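Take a look at the structure set out below.
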Amino acid sequence: MPTVAIIGAQWGDEGKGKITDYLAEQADAVVRFQGGNNAGHTIVIGDSVFKLHLLPSGVLREGKLAIIGNGVVVNIADMEEEIKQIEEAGLNVDGLRISDRAHLIMNYHKKLDGAEEIYRGKKSVGTTKKGIGPAYQDKIARYGFRAGDLLEPELIREKTKFMLPMKKDLMKLMGAESCQCTEEKFEERLIGWGEKYGKYICDTSVLINDMLDEGKKVLFEGAQGALLDIDHGTYPYVTSSSTVGGGICSGSGVAPNRIQKVVGCLKAYTTRVGEGPFVTELEGDEMIELQKKGGEFGVTTGRGRRCGWLDLVVAEHAARLCGFTSWAITKLDVLNDYDTVKVCIGYEIDGKVEKHFPASLAKLERAKPVYKEFPGWKSWADSESMAKSGMGALPENMVKYIKFIEEYTGIPADIISIGPKRTETIDRYGKWWN
Ligand code: GDP
Ligand code: IMO
Ligand code: MG
């Protein structure tokens, strides 16, 4: 029952899509277990660039199952657009499966997301406005629509009678853009989705566990990152799902003892989109330089990502919560040509050096990063041939940087990524499915 999971170790956008796609080559199924289309995962195949938001990255590899687990929130209307992108590229979504227990994002969730942000004023989270928070609110409040409901017209009618008037009242109260949809239209739309996508909807927990019983290889693809976790992240500047290791089990219906390898996707520096604390954040020209070098602009919202140095206090927090067995260190090439690169190894708070990431936003506000400096390295001509040659071909100072991360965290850097393409990857481990 080989399983491998990939989880973002920072605030998202670590390169999970690329690493998932790389490891998916050998897998039989790729499973998303939390989040929704707030994610933006970029995969570069030759000259083509794919930006996936909801569909698991395995959808780009022929003959694999691409499974949307019960912990994901699904916007069917937006999913249709994504399927179109895949089909236009000459691929198909025959391998798509959607959990009958996955909750749905409706238009009213998107509108309420925007309205909540306005209410928060200066304390806005900077959400993607995809309706993620409001959809998870309905799930926890026990009245959300689930994908399986689409197959039961009577249930749709019953729920609509209660939900639509309630949401319309709520939107009015919140000053959100009003919803003109009648109950009949709303029901019709949902029943139509059931007819169109019903063939993909099933009990994905049974499906995944049966695959594992048969010795099939299952890859779990995290969205967002550990520091955006609803419990363990920089609350309230987080997303509304469990992005850490435990989320794999609750979000896919797979027991903890079936999860074997957990890869922490760690960007060689740090980025964050939206509001919230960020201890190693750079400012001014230094920040612009790194943002430009890394092409750090959001896949989902187009917003510029805030950038700063690598933070190993963050990495330790993520590793402890997720049980990482390997690092996939990405975007090391972006740090080329710096005279000095810095790594944060502690937070100085009120005269004391803290090694663990604190819960208090006020403490994070006062935290000053304690840096260890490393001499930089020069750029090279061709990442693909360098990746082919392996670690020995990397600049000596880059190898020292990688070794320090391994020593500090006690986790091996089994994947090294030095460019966005599949072929710009060094796989030092190779035995992922043994
Ligand atoms: P995700 O949300 O974690 O999947 O990451 P995103 O796709 O939002 O952002 C990562 C960006 O970095 C994408 O544009 C990738 O194509 C790109 N990328 C991934 N790995 C590397 C790498 O090793 N080097 C460089 N230069 N770019 C990379
Ligand atoms: P991937 O999977 C980076 C951030 C938003 C906001 C906060 C809450 O591409 O790494 P939400 O819409 O989820 O309620 O917004 O979380 N956020 C992400 N930041 N990468 C992501 O996904 C993100 N998904 C949400 O910017 O600060
Ligand atoms: Mg992203």
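The values are calculated or read from the model by the stated rules, or taken from the named source; none is laboratory data. On a predicted model such as this, the values are computed, not experimentally measured, just so you know. Counting neighbours? That spans all protein chains shown, and the Cβs are built from the backbone with ideal geometry, glycine included. Just so you know, the surface numbers come from the protein's heavy atoms only, side chains and all, with ligands and any DNA or RNA stripped out. Shrake-Rupley method; radii C 1.70, N 1.55, O 1.52, S 1.80 Å.
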Between Asp427 and Arg303, Cβ-based FRET efficiency (R0 30 Å, step 0.05) works out to 0.40
Carbon and sulfur %, accessible surface of the range 322-420 computed with the full protein complex present, 1.4 Å: 51 percent
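Give me the extension gain from Asp210 to Ala77: residue separation times 0.36 nm, minus the current Cα-Cα distance, reported in nm with one decimal.
44.9 nm
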Only Lys, Arg (+1) and Asp, Glu (-1) charged, at Cβ; the range 260-409 dipole about Cα centre in debye: 420 debye
When the chain is modelled as a GNM with alpha-carbon springs shorter than 10 Å, which of Leu310, Leu290, Leu155 fluctuates the most? Leu155
With all protein chains present and a 1.4 Å probe, how do Tyr338, Tyr401, Tyr429 order by accessible area, largest first? Tyr429, Tyr338, Tyr401
May I ask you to evaluate 6.51 cos²θ - 1.76 cosθ + 1.60, the Karplus curve with θ = phi - 60°, for each residue of the range 170-185 and list the ³J(HN,Hα) values in order in whole Hz, giving x for glycine and proline? 4, 5, 4, 4, 8, x, 7, 3, 6, 10, 8, 5, 7, 4, 4, 5
Please list log₁₀ I(q)/I(0) at q = 0.09, 0.11, 0.18 Å⁻¹ for the range 141-293, using the Debye equation with identical point scatterers on the alpha-carbon positions. -0.52, -0.75, -1.14
Alpha carbon Rg of the range 103-198, scaled by the compact-globule rule 2.2 N^0.38 Å: 1.10
Going from most exposed to least, what order do Leu266, Leu361 have by accessible area with a 1.4 Å probe? Leu361, Leu266
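Could you list, in their original order, any pairs among Lys129/Lys355; Lys123/Lys352; Lys355/Lys431; Lys64/Lys431 whose Cα atoms are separated by more than 30 Å? Provide the component values of the computation, followed by the final result.
On the way: Lys129/Lys355 34 Å; Lys123/Lys352 28 Å; Lys355/Lys431 33 Å; Lys64/Lys431 20 Å.
In this structure, Lys129/Lys355; Lys355/Lys431 lie more than 30 Å apart at Cα.
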For the range 212-225, in residue order, the Karplus 3J(HN,Hα) values (coefficients 6.51, -1.76, 1.60; θ = phi - 60°; whole Hz; Gly and Pro = x) are 5, 4, 7, x, 6, 9, 10, 10, 9, 10, x, 10, 6, x
Measuring from a point 7 Å past the Cα of Lys378 along Cα-to-C-beta, which residues in the range 334-368 have an amide N at less than 13 Å? 337-338
Once you have the Kirkwood Rh of the range 216-320 from its Cα pairs, apply Stokes-Einstein at 10 °C and 1.306 mPa s and quote D in µm²/s. 105 µm²/s
Over 27 Å apart: what share of the alpha carbon pairs of the chain falls there, rounded to a whole percent? 52 percent
Which FRET efficiency value, to the nearest 0.05, do you get for Thr182 and Lys51 by plugging their Cβ-Cβ distance into 1/(1 + (r/R0)^6) with R0 = 35 Å? 0.55
If you count only protein heavy atoms with a 1.4 Å probe, what accessible area per residue comes out for the chain, rounded to a whole Å²? 42 Å²
Just Ile140, Ile86, Ile329 to compare: in a GNM of the chain, with alpha carbon springs under 10 Å, which one fluctuates most? Ile140
Residues Leu170 and Glu117, FRET efficiency given R0 of 22 Å [Cβ-Cβ distance, rounded to 0.05]: 0.90
With axes computed from alpha carbons, what is the tilt in degrees of helix 107-120 against the longest principal axis of the chain, rounded to the nearest 10 within 0 to 90? 60 degrees
Hey, can you rank 89-96, 244-251 by average C-beta count inside 10 Å, highest first? 244-251, 89-96
Can you send over the carbon and sulfur percentage of the accessible area for the range 159-286, probe radius 1.4 Å, protein chains only? 51 percent
Students often check this: by mean Cβ neighbours within 10 Å, which of 144-152, 100-108 ranks highest, and how do the rest follow? 100-108, 144-152
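Over all distinct Cα pairs, what is the inverse of the mean 1/r for the range 375-434, reported as the Kirkwood hydrodynamic radius in Å?
Computed over Cα pairs of the range 375-434, the Kirkwood hydrodynamic radius comes out at 12.4 Å.
Do you know the relative contact order of the range 122-249, to the nearest whole percent, from alpha carbon pairs under 8 angstrom that are 6+ apart?
Worked out over the range 122-249, it gives 23 percent.
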To check you understand DSSP bridge types, tell me what percent of the beta bridges within the chain (both residues inside) are antiparallel, rounded to 5. 40 percent
